[in-house]
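Chemist: Following this message is one structure expressed as structure tokens.
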Amino acid sequence: MEGDFIKTNNWLLPFSWLYGLAVKFRNTLFEMGVLKTRAFDIPVISVGNITVGGTGKTPHVEYLVQLLKNSFNVAVLSRGYKRKSKGFVKADQDTPMLEIGDEPYQMKQKFPDITVAVDKKRCHGIDILTEQDQSLDVILLDDAFQHRYVKPGINILLVDYHRLIIYDKLLPAGRLREPLEGKNRADVVIVTKCPKDLKPMEYRVVTKAMQLYPYQNLFFTTLDYGELEPLFKETLPIAPQLDDLKDHHTLLLTGIASPEQMVHDLSPLTDHLQSLSFADHHMFTAKDVQLINDTLAAMQGPKLIITTEKDATRLKGLEGLSDDVRKHMYILPVHISFLQNQEDMFNQQIISYVRKNSRNSILAKRKDDNKSDNSNYSGDRPRTISFRNN
């Protein structure tokens, strides 16, 4: 499959070369200090990728939220892709999806007690968040691996197992948004969407092929699914279990970048799976609504529609969906789990970083430094105090 893709796009390679020059020039400006990168006095964790297409950013950000929210005051900052607003927007429970984008909206609805904001200029967004809330402990940057104006404390790079970056090519011949050496900026690399039965030999092959540095930690995750949840109040109240789908005619309705993994995972559970997929972040039109209505109407026997949490944010307010569609539509929650018993190691790295670099820790360190400086003072002797940039 990989070879076929590269072969059929060879005519685009000259454009990839030009694109690569432009990206390398931009990265060089950052490395030389011509373009400035800012660090912040608050833990910042970035989650992103260097490819076009879904690598599972949202479930990984949600994993971090779930990990940290009970012990720390967490904020998520995204650019808010395809939102209708501009500038900085801080979400509340009543903020419309179109004002912040589908993924931030999903996270705010799912975790109402955390701060969710959007701003294309991430430095500006961090400044406002920290000014408005002095109690913030950590900021999670969603899809910011290439937003180099911010220097995160931990940079997490996500790589799709089914399309490893080491075998890919630069846009437009491939899906890489920057040259492969961009992965060297990552502190943590996570290979996502792995098969649950990944063999030990496959771990070793991927680990060797990724050619990471000693300072980079490599993890492997897989997708797990929760129980089906009704999207509309008209939906049949008793949702079927995934294990009971065998006799159901199932329509998988998605507007995400890579629905293939869900198709692969659901196919063994039902003898009648049909997929209706749209582009990532797709805004459904009246024509799409009619297609959804007609597709379900043509299905025989017990039937249902399964969609994702992200798509649900765009489907919920959609007009024109038939009563039959509204009655049979369910959300399938997606979350991630670590393979190779790596969860504790990952959790410890994240929690340790946040704890050691929290504002309270930094202030305590400065206080200790000042005490140390003052302890050198005796009588009326002049004293020299060192000011340190932490």
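Chemist: Before anything else, pin down the relative contact order of the chain: Cα pairs under 8 Å, at least 6 apart, normalised by residue count, whole percent. Could you put the intermediate results ahead of the total?
Modeler: Details: 646 pairs, mean separation 71.6, N = 390.
Here the relative contact order equals 18 percent.
Chemist: Which length gain, in nm to one decimal place, applies between residue 25 and residue 238 when the Cα-Cα distance is subtracted from 0.36 nm times their residue separation? Display every interim value, and only then the final one.
Modeler: On the way: separation 213, 0.36 × 213 = 76.68 nm, distance 5.66 nm.
Length gained, residue 25 through residue 238: 71.0 nm.
Chemist: I've got another one for you. Considering all projection directions equally, how large on average is the shadow of the alpha-carbon convex hull of the stretch 1-159, in square nanometres?
Modeler: Details: hull surface 44.5 nm².
For the Cα atoms of the stretch 1-159, the hull's average projected area reads 11.1 nm².
Chemist: Roll a 1.4 angstrom probe over the protein heavy atoms and tell me the percent of accessible area of the chain that is carbon or sulfur.
Modeler: Working: 10660 of 20190 Å².
Heavy-atom surface of the chain belonging to carbon and sulfur, 1.4 Å probe: 53 percent.
Chemist: Next question. Skipping prolines and chain starts, which residues have an amide H placed within reach, meaning under 5 Å, of the one on residue 275, given they are 5 or more residues away or on another chain?
Modeler: 252
Chemist: What number, in nm² with one decimal, is the all-direction average of the projected area of the convex hull of the alpha-carbon atoms of the chain? It would help to have the intermediate numbers written out before the result.
Modeler: Details: hull surface 95.5 nm².
Mean orientational projected area (the chain, Cα hull): 23.9 nm².
Chemist: Here's a follow-up. Ratio of the stretch 123-214's C-alpha Rg to 2.2 N^0.38 Å, to two decimals?
Modeler: Values: Rg = 16.4 Å, N = 92, 2.2 N^0.38 = 12.3 Å.
Its radius of gyration relative to the 2.2 N^0.38 Å reference: 1.34.
Chemist: Right, here's the next one. So, in Å, what gap is there between the alpha-carbon centers of the stretch 236-264 and the stretch 40-75?
Modeler: Centre-to-centre distance over Cα atoms comes out at 27 Å.
Chemist: Using 7 Å Cα-to-Cβ label points, what is the residue 181/residue 260 separation (nm, one decimal)?
Modeler: Reported label-point gap for residue 181 and residue 260 is 2.9 nm.
Chemist: If you take every residue apart from residue 327 with its C-beta less than 11 Å away from the C-beta of residue 327, what net charge results, scoring Lys and Arg +1 and Asp and Glu -1?
Modeler: Values: positive: 233, 303, 326; negative: 234, 323, 324.
Result for the neighbourhood of residue 327: 0.
Chemist: Also, I was wondering about something else. Given a Förster distance of 35 angstrom, what is the FRET efficiency for residue 146 paired with residue 247, based on the Cβ-Cβ distance and rounded to 0.05? Don't jump to the answer; show the numbers that get you there.
Modeler: Working: r = 46 Å, r/R0 = 1.32.
It comes to 0.15.
Chemist: Still on this model: To the nearest 10 degrees, how steeply does helix 359-374 sit against the main Cα axis of the chain, on a 0 to 90 scale?
Modeler: 10 degrees
Chemist: Still on this model: Listed here are the pairs 121/316; 57/84; 82/246; 120/327; 86/108; which of them are more than 26 Å apart at the Cα?
Modeler: Working: 121/316 29 Å; 57/84 22 Å; 82/246 37 Å; 120/327 38 Å; 86/108 18 Å.
121/316; 82/246; 120/327, as the Cα separations exceed 26 Å there.
Chemist: May I ask for the net charge around residue 207, where only other residues with Cβ less than 14 Å from the Cβ of residue 207 are counted and Lys, Arg are +1 while Asp, Glu are -1? Walk me through the numbers on the way to the answer.
Modeler: Working: positive: 183, 199, 204, 208; negative: 202.
That sum, taken over residues with Cβ under 14 Å, equals +3.
Chemist: Here's another thing I want to ask about it. If one takes the longest principal axis of the Cα atoms in the chain, at what angle in degrees, from 0 to 90 and to the nearest 10, does the Cα axis of helix 286-297 lie?
Modeler: 50 degrees
Chemist: Same structure, new question: Using Cα atoms only, what is the angle between the long axis of helix 57-68 and the major principal axis of the chain, expressed in degrees (0 to 90) to the nearest 10?
Modeler: Compared with the principal axis, the helix lies near 50 degrees.
Chemist: Another one. Which order do the peptides 172-183, 128-139, 306-317, 41-52 come out in when sorted by mean C-beta neighbours inside 10 angstrom, highest first? Display every interim value, and only then the final one.
Modeler: Details: 172-183: 18.2, 128-139: 16.5, 306-317: 20.8, 41-52: 22.7.
Top of the packing list down: 41-52, 306-317, 172-183, 128-139.
Chemist: Okay, moving on. Within a Cβ distance under 13 Å of residue 129, other residues only, what is the Lys/Arg minus Asp/Glu net charge? Don't skip to the answer; put the middle values down first.
Modeler: Working: positive: 90, 121, 122, 359; negative: 41, 119, 127, 131, 133, 137.
Counting the neighbours of residue 129, the net charge comes to -2.
Chemist: Can you divide the C-alpha Rg of the stretch 170-306 by 2.2 N^0.38 Å and report the result to two decimal places? Don't skip to the answer; put the middle values down first.
Modeler: Values: Rg = 19.5 Å, N = 137, 2.2 N^0.38 = 14.3 Å.
Taking the Cα Rg and dividing by 2.2 N^0.38 Å, one obtains 1.37.
Chemist: Tell me, how many Å apart are the Cα centres for the stretch 165-196 and for the stretch 339-355?
Modeler: A separation of 22 Å, based on Cα centres.
Chemist: Using the per-residue mean of other Cβ atoms lying within 10 Å as a proxy for protection, in what order, highest first, do the peptides 164-171, 268-275 fall? Could the numbers behind the result be given before it?
Modeler: Working: 164-171: 18.1, 268-275: 15.5.
Descending packing order for the listed peptides: 164-171, 268-275.
Chemist: Related question: Per residue, how large is the accessible surface of the chain? Use a 1.4 angstrom probe and give square angstrom. It would help to have the intermediate numbers written out before the result.
Modeler: Numbers: 20190 Å² over 390 residues.
That works out to 52 Å² for each residue.
The values are calculated or read from the model by the stated rules, or taken from the named source; none is laboratory data. All values reported here derive from a predicted model rather than from experimental measurement. Please note: Cβ atoms are built from the backbone with ideal geometry, for glycine as well, and neighbour counts cover all protein chains shown. These accessible areas exclude ligands, DNA and RNA; they are computed on the full protein's heavy atoms, side chains included. Shrake-Rupley method; radii C 1.70, N 1.55, O 1.52, S 1.80 Å.
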